[in-house]
Each structure stands twice: as C-alpha cells, then as structure tokens.
Amino acid sequence: MSVAVGIDFQPISEVEDSLRTFGKRYTQKLYTTAELQGLSSDSHVAARDLATIFAAKEAMMKVLQPTDVVPGWLDIEVRRGLDSSASIALRGETAELALRQGITDVTVSLGVVRECATAIAVAQKSDRRSNSQ
Amino acid sequence: MTTLNESIRSVLKTQGRLAVDPETLADDDDLYRAGLSSHSSVNVMLSLENEFDIEFPDEMLSKATFRSISSVRAALESLGIHGTA
C-alpha cells in the first residue's frame, strides 16, 4: 500500500471574476449539477464554495497525474460533507485511470485561508494494480 | 489585421493571469512555467470560444492544448480557425 497526495490553492476572487465574465458557461464547464445545487445566493459565498470545489478537483488531478488520458472536470465530482471533509466520485475514463493506478480510497480536506480556498487529497494505492489498459 | 497569434496573446493578457507580459513570450514558451494555472486555462478557453464563436470539445481540455501559444494555435486550426502567424 502506498499513498499519493495532491494539494491546491484557488483564489476566490478569480472564481468571482469567472462567474461575472462567463456566467453559466463557466459553471457548466467545471461543475456538476450536484456540485451546483444549494449554492448560496450571496455571490461571494457561492464563489468561495466553487473555489473550494475547484481546488479539490485540481488536488485530485495532482493525485492522478494524468499523461495520456485527459480527465474531464465533470468526471471528478466533489461531495462536500458537513464539516471540512469531502469525498470524491470519479466517472468515465477518470475512474478507469484511478482503477489502473490502484487507487482504492480518497480522502479530501477542504479549507479557506483568507481569500484562498485550499484542498488536500490523499489517496491510498493498492500495490496490486489493475492490468486493464 | 489581427493575426491568430496576436489574438491568442490578447486573450492570454486578459484571462491568463501570467506572471509575464504575453507579448514577451515566444510562440513555443511554456505557458504553465509563465504562470498559467488550470483555472486560468479554462478562462482562456472560454474567452477563445467567445472570440471565435467555437466550442472546444472535452478531449481538447488538456494541459497539452494550452502549453504554448503554438499549441493553442494548433487547437484553433483543428477547429477550423485559420490566420497568419
């Protein structure tokens, strides 16, 4: 058993700018329907939450370190818990990539430091990896 | 007349949040080394979609597509957008 770690920081102001500039086209490219549900009507709070989700997705990308496969942003779904924890659901080729890498479990910790969302993803990797290519 | 590379540099200037002025970059310089983040690359993509009235297919949303001005140009050309260098 080994461990892979990914970390990311996402300035909230950049997400606010993206929401202002591109609106729904921005959210539809990056966030699943489930991730967008229940967002605050307060634009800053919504941007903070989206920044946190994006940081978690990017942290997961760093765990996967894809080379040939291109993980889609919508194939990495962040499911936030009631506290600062979250789980990750993978779909499509991204799920297959994780399987090939022997990733069996992913834990995500989320946070906000001043105006920056942070996420750390820790994945357990089985030494017996899938042979399917 | 604005060339394709000039249009890409202009979008990088407004959306790329690079650490350097895109005008100082060579066509093959690594944009990630110049400060392009994954989040900013999405904004660059959305802005290029606006500029050229196109849509990048999901399979092109890779780091490789946005690695350099040349690679962005190649992606645009594959979508039928052509221009002089």
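Give, as residue ranges, the helices (runs of 4 or more DSSP H) completely inside chain B that count at least 3 residues that are free of Cβ contacts under 8 Å to residues at least 24 places away in the same chain and over 30 Å from A:Gly92 (Cα atoms).
Filter on chain B gives B:4-15.
Among the residues of region B:47-66, what is the count of those that are under 13 Å from the mean Cα position of the chain (by Cα) and within 13 Å of chain A (Cβ to nearest Cβ)?
Qualifying residue count for the region: 13.
For region A:59-71: of the residues being at pLDDT below 95 and within 24 Å of A:Leu19 (Cα to Cα), which is nearest to the other protein chains (Cβ to nearest Cβ)?
Out of the qualifying residues, it is A:Met61.
Taking the criterion of being farther than 22 Å from A:Leu39 by Cβ, out of contact with any Phe, Trp or Tyr (no Cβ under 9 Å at 6 or more places or on another chain) and of a type in the set (Gly, Ala, Ser), would at least one residue in region A:81-91 satisfy it?
No, every residue in region A:81-91 fails to be farther than 22 Å from A:Leu39 by Cβ, out of contact with any Phe, Trp or Tyr (no Cβ under 9 Å at 6 or more places or on another chain) and of a type in the set (Gly, Ala, Ser).
Tally time: how many residues in region B:20-46 are within 20 Å of A:Glu14 (Cβ to Cβ) and away from every other protein chain (no Cβ under 14 Å)?
6
Within region A:1-14, count every residue that is surrounded by 17 or more Cβ atoms within 10 Å (Cβ to Cβ) and not in a strand (DSSP E or B).
The number of residues fulfilling the criteria is 2.
Can A:Ser13 be described as over 30 Å from B:Ile54 (Cα atoms), out of contact with any Leu (no Cβ under 8 Å at 6 or more places or on another chain) and of a type in the set (Ser, Thr, Tyr)?
Taking the combined requirement at face value, the residue does not satisfy it.
For the structure I just gave you, tell me whether B:Gly16 is farther than 19 Å from A:Gln28 by Cα, within 14 Å of chain A (Cβ to nearest Cβ) and surrounded by 17 or more Cβ atoms within 10 Å (Cβ to Cβ).
yes
Being surrounded by 17 or more Cβ atoms within 10 Å (Cβ to Cβ), at pLDDT 90 or above, touching a strand residue (DSSP E or B) at 6+ places or on another chain (Cβ under 9 Å) and farther than 16 Å from A:Val5 by Cα is true for just one of A:Leu74, A:Leu90, A:Leu110. Which residue is that?
A:Leu90
Suppose we filter B:Thr65, B:Thr84 for residues that are modelled with pLDDT under 95, surrounded by 20 or more Cβ atoms within 10 Å (Cβ to Cβ) and β-branched (Val, Ile, Thr); which single one remains?
B:Thr65
Would you confirm whether or not region A:52-73 contains a residue that is under 22 Å from B:Pro57 (Cα atoms), among the acidic types (Asp, Glu) and free of Cβ contacts under 8 Å to residues at least 40 places away in the same chain?
Within region A:52-73 (the criterion being under 22 Å from B:Pro57 (Cα atoms), among the acidic types (Asp, Glu) and free of Cβ contacts under 8 Å to residues at least 40 places away in the same chain), the answer is yes, since at least one residue qualifies.
I need a count of the residues in region A:15-47 that are within 14 Å of chain B (Cβ to nearest Cβ) and either in contact with a Cys (Cβ under 9 Å, 6 or more places away or on another chain) or surrounded by 13 or more Cβ atoms within 10 Å (Cβ to Cβ) (or both).
The qualifying residues number 16.
The values are calculated or read from the model by the stated rules, or taken from the named source; none is laboratory data. As the structure is a prediction and not an experimental result, all values here were calculated from the model. No Cβ is skipped: glycine too gets one built from the backbone with ideal geometry, and neighbour counts run over all protein chains shown.
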